[in-house]
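First comes the structure, then the notes that go with it.
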Amino acid sequence: MGPSVLPAWLQPRYRKSAYLFIYYLIQFCGHSWILTNMTVRFFSFGKDCYRMNHQVTVKTTFSVSHPHMNSMVDTFYAIGLVMRVCQSISLLELLHIYIGIESNQLFPKFLQLTERIIILFGVITSQEEVQEKYVVCVLFIFWNLLDMVRYTYSMLSVIGTSYAVLTWLSQTLWMPIYPLCVLAEAFTIYQSLPYFELFGKNSTMLPFDISTYFPYVLKLYLMMLFIGMYFTYSHLYTERKDILRGSSVKQKKM
């Protein structure tokens, strides 16, 4: 009996592709679940709230809030855990770039990931009052739209499958949405400042009686956020030109 032959996907040259495919698939499923959950809650919860609000209005003869507001306010409690897991796992992408299994530049990716980690864990998760803000729902929608398209494109690229429409969408959708993400992140920080100043959360004491308060750190980061957006946008735009140029060349050869 000859030596057993491993399946193609277990052979050394395919392990990297198999790993990346599984990673992208997990991220795609996570972000798809989040966006689907938010959409379903927005419509189904809104209908339930409308019925309840209508009954309350009839009995008390005064109007109540918009039917969809409760579903937006409750967004973080419904999908916050999965969002934190997905964003935490995304830090592996820095390792992917460092060890060479994913082709990208380390610094722009570092800016993108730390931007989200700081907002999600440092601002939203650590301050319960911020979790109920409508801007959190809007921010999560933007993040998940970008990630669903990005991970779909990356997942198919690993197995050598490409679609012109998907390639164009993955390299174009971020152009209007990424600046909106940064604005939403900045507005989230702005709305969180009064709560951090009031409750003093995440404040630290340094030696020599120098007090460093988290709100001051956030105000400094608020300015750096737009500087980082310029570098990230420039990198993504250059990357977009290279990918779309390469995609058009492949189509001409076919």
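The values are calculated or read from the model by the stated rules, or taken from the named source; none is laboratory data. Predicted model only: the values in this text are computed from it and were never measured. Positions of Cβ are generated from backbone atoms using ideal geometry, with glycine treated the same way; all protein chains shown enter the neighbour counts. Ligands, DNA and RNA are stripped out before the accessible areas are found, and what is left, the full protein with its side chains, is counted by its heavy atoms. Shrake-Rupley method; radii C 1.70, N 1.55, O 1.52, S 1.80 Å.
Sites listed here are GluC sites (Glu not before Pro) in segment 92-183 whose DSSP assignment is loop and whose Cβ has at most 16 other Cβ atoms within 10 Å: 132.
In the complete set of protein chains, residue-level accessible area for residue 36 is approximately 80 Å², probe 1.4 angstrom. Taking all protein chains together and rolling a 1.4 Å probe, residue 43 ends up with roughly 110 Å² accessible. Placing one equal scatterer on every Cα of segment 110-242 and applying the Debye formula, the log10 ratio I(q)/I(0) at q = 0.11 Å⁻¹ is -0.48. Between the alpha-carbon centers of segment 211-248 and segment 155-193, tell me the distance in whole angstrom. Distance between centres, Cα-based: 12 Å.
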